[in-house]
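Notes follow once the structure below has been shown.
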Amino acid sequence: MPNCPRPAPEPSPSEITPPAVWQRRRELVQAGVAAGLIGVAAPLRAQKLPAKPGPYSTMEKATPEKLVKEYCNFYEFGTDKEDPARLAPKLLKTRPWTVQVEGEVKKPGAYDIDMLLKLAAMEDRIYRLRCVEAWSAVVPWVGYPLAELIKRVEPTGNAKFVEFVTLADPKQMPGLRASVIDWPYVEGLRMDEAMHPLTLLTFGMYGEVLPAQNGAPLRIVVPWKYGFKSGKSLVKIRFVEKQPVNSWQRSNPSEYGFYSNVNPNKDHPRWSQATERRLGEDGLFAKRRPTLMFNGYGEQVASLYAGMDLNKFY
Ligand SMILES: Nc1nc2c(c(=O)[nH]1)N[C@H]1C(S)=C(S)[C@@H](COP(=O)(O)O)O[C@H]1N2
Ligand SMILES: [Mo]
């Protein structure tokens with residue numbers, strides 16, 4: 001049974017942010033919000049999303065919220081990095097919202113977003129996010145492990161993979177007019193990856209509900225994989241026996257694979273993956289950072305790929 005869930009590894013002490021440190025950061029963020037210094041571009045007042053400090057948070061400084069909100073990849077709203085922030089808050093309707101759970105599962109059905117919000121305790125988790133385009137950010141996400149939902153819907157023994165389908169509504173998403181990929185945006189994980197405690201079903205960031213452009217009302221965050229594995233604005237979770245074909249793999253299989261683990265030793269055919277630019281560090285003298293294997297989460301996830309040739313299974 002290669003795909004059965006493994007027990008949660010203990011996070012190493014250096015990976016955990018002490019609650020006091022995180023609390024202080026949070027107070028600073030909230031003070032910023034109160035003073036109107038942060039999130040000035042948001043047309044609607046962001047709603048708080050209380051959470052307890054979660055495991056696995058990095059000690060690195062969070063990327064300024066403004067940058068994470070304004071520099072986005074969400075092709076359903078256009079391919080320029082600024083398009084999603086400009087269009088999604090006006091166009092994306094996040095209520096009512098249901099997530100369809102289907103396939104190899106004992107409790108399929110339409111799960112309402114407000115029920116999902118209450119399904120498990122919300123946690124703050126500061127994760128690195130590494131885009132395949134060689135930029136990265138450090139984001140305090142709010143959510144709970146996807147495993148919490150998976151356990152409750154009871155996958156059958158045939159469920160080997162999880163497929164994620166995201167919203168594709170031409171009335172709300174002008175980017176669908178361009179055929180950059182086959183819509184809807186589809187992603188997938190192997191069952192043990194989906195069950196891994198690092199994989200976060202994400203409802204918020206920076207202590208507030210997700211801004212539309214970052215994937216409201218819920219998205220996946222898989223911190224050891226390139227950012228495109230983290231589908232935004234999820235509408236369907238399907239449990240399947242065969243490995244799903246994710247959108248980027250379908251559109252260009254020589255450039256994008258299924259696993260897409262962050263790997264500095266495996267270059268993208270058109271650029272190196274050895275280093276990255278951290279959002280906010282783009283000054284003249286800013287040094288590029290070395291990219292870490294599994295985005296620095298090797299201690300937690302390397303065992304999932306034991307014996308696999310990661311140059312072949314990229
Ligand atoms: N539905 C959907 N999800 C998506 C994308 C997209 O275009 N559409 N872009 C992906 C890519 S390439 C990255 S790097 C991350 C970016 O997340 P962020 O904009 O919140 O930083 O979202 C991912 N999820
Ligand atoms: Mo990306």
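The values are calculated or read from the model by the stated rules, or taken from the named source; none is laboratory data. The structure displayed is predicted, hence computed values, not measured ones. Cβ coordinates were reconstructed from backbone atoms using ideal geometry, including for glycine residues, and neighbour counts include every protein chain displayed. Note: accessible area is taken over every heavy atom of the protein model, side chains too, but ligands, DNA and RNA are not part of it. Shrake-Rupley method; radii C 1.70, N 1.55, O 1.52, S 1.80 Å.
Looking at Arg238, is it more than 14 Å from ligand 1 (Cβ to nearest atom) and under 30 Å from Leu49 (Cβ atoms)?
yes
As an exercise: evaluate Asn295 against (1) touching a residue at least 24 places away in the same chain (Cβ under 8 Å); (2) closer than 22 Å to Leu200 by Cα; (3) out of contact with any strand residue (DSSP E or B) (no Cβ under 6 Å at 6 or more places or on another chain) and give the number of the one condition it does not meet.
(3)
Open to solvent by 60 Å² or more (accessible area, probe 1.4 Å) and modelled with pLDDT of 50 or more: is that true of Lys66 in this structure?
Yes, satisfied.
Go through Glu104, Glu163 for me and flag whichever is within 16 Å of ligand 1 (Cβ to nearest atom) and either open to solvent by less than 10 Å² (accessible area, probe 1.4 Å) or out of contact with any helix residue (DSSP H, G or I) (no Cβ under 7 Å at 6 or more places or on another chain) (or both).
Glu163
Could you please find all residues in region 256-280 being in contact with a strand residue (DSSP E or B) (Cβ under 6 Å, 6 or more places away or on another chain) and acidic (Asp, Glu)?
Glu276, the sole residue that qualifies.
Quick check on this structure: which one of Arg86, Arg152, Arg95, Arg177 is basic (Lys, Arg) and touching a Lys or Arg at 6+ places or on another chain (Cβ under 8 Å)?
Result: Arg152 is the single residue among Arg86, Arg152, Arg95, Arg177 that is basic (Lys, Arg) and touching a Lys or Arg at 6+ places or on another chain (Cβ under 8 Å).
Which of the numbered conditions does Ala194 fail, given that it passes all the others? Conditions: (1) more than 13 Å from ligand 1 (Cβ to nearest atom); (2) hydrophobic (A, V, I, L, M, F, W, C); (3) within 19 Å of Asn261 (Cα to Cα); (4) open to solvent by 10 Å² or more (accessible area, probe 1.4 Å).
Evaluating Ala194 over (1) more than 13 Å from ligand 1 (Cβ to nearest atom); (2) hydrophobic (A, V, I, L, M, F, W, C); (3) within 19 Å of Asn261 (Cα to Cα); (4) open to solvent by 10 Å² or more (accessible area, probe 1.4 Å) leaves (4) as the failure.
Which condition number does Thr63 fail, the rest of (1) more than 15 Å from the chain's Cα centre (by Cα); (2) within 13 Å of ligand 1 (Cβ to nearest atom); (3) closer than 16 Å to Gly215 by Cα being met?
Condition not satisfied by Thr63: (3).
When both residues are 6+ apart or on different chains and their Cβ atoms are under 8 Å apart, which pairs have a first residue that lies in region 212-234 and is among the small types (Gly, Ala, Ser), and a second that is assigned to a helix (DSSP H, G or I) and within 8 Å of ligand 1 (Cβ to nearest atom)?
Ala212/Pro84; Ser233/Glu76
Look through region 135-156, keep the residues that are assigned to a helix (DSSP H, G or I) and in contact (Cβ under 8 Å) with a residue 12 or more places away in the chain, and return whichever of them is most open to solvent (accessible area, probe 1.4 Å).
Looking at residues that are assigned to a helix (DSSP H, G or I) and in contact (Cβ under 8 Å) with a residue 12 or more places away in the chain, I get Arg152.
Restricting to region 299-314, name every residue that is within 21 Å of the chain's Cα centre (by Cα) and without any contact (Cβ under 8 Å) to a residue 40 or more places away in the chain.
Ala302
Got a sec? Which strands (runs of 3 or more DSSP E) wholly within region 210-293 have at least 1 residues that are open to solvent by 20 Å² or more (accessible area, probe 1.4 Å) and within 16 Å of ligand 2 (Cβ to nearest atom)?
Output list reads 275-278.
Can you run down the residue pairs with Cβ atoms below 7 Å, 6 or more apart or on separate chains, where the first is in region 59-72 and closer than 12 Å to Ala85 by Cβ and the partner is hydrophobic (A, V, I, L, M, F, W, C) and surrounded by fewer than 18 Cβ atoms within 10 Å (Cβ to Cβ)?
From residues that are closer than 12 Å to Ala85 by Cβ, the pairs are Lys69/Ala41; Glu70/Ala41.
Going through Glu133, Glu104 one at a time, which residue ends up being among the acidic types (Asp, Glu) and either touching a Cys at 6+ places or on another chain (Cβ under 8 Å) or within 16 Å of ligand 2 (Cβ to nearest atom) (or both)?
Glu133
Which of the residues belonging to region 64-95 are farther than 28 Å from Asp112 by Cα and of a type in the set (Phe, Trp, Tyr)?
Tyr71
Could we say that Ser12 is open to solvent by less than 30 Å² (accessible area, probe 1.4 Å), of a type in the set (Gly, Ala, Ser) and at pLDDT 95 or above here?
Criteria not met by Ser12.
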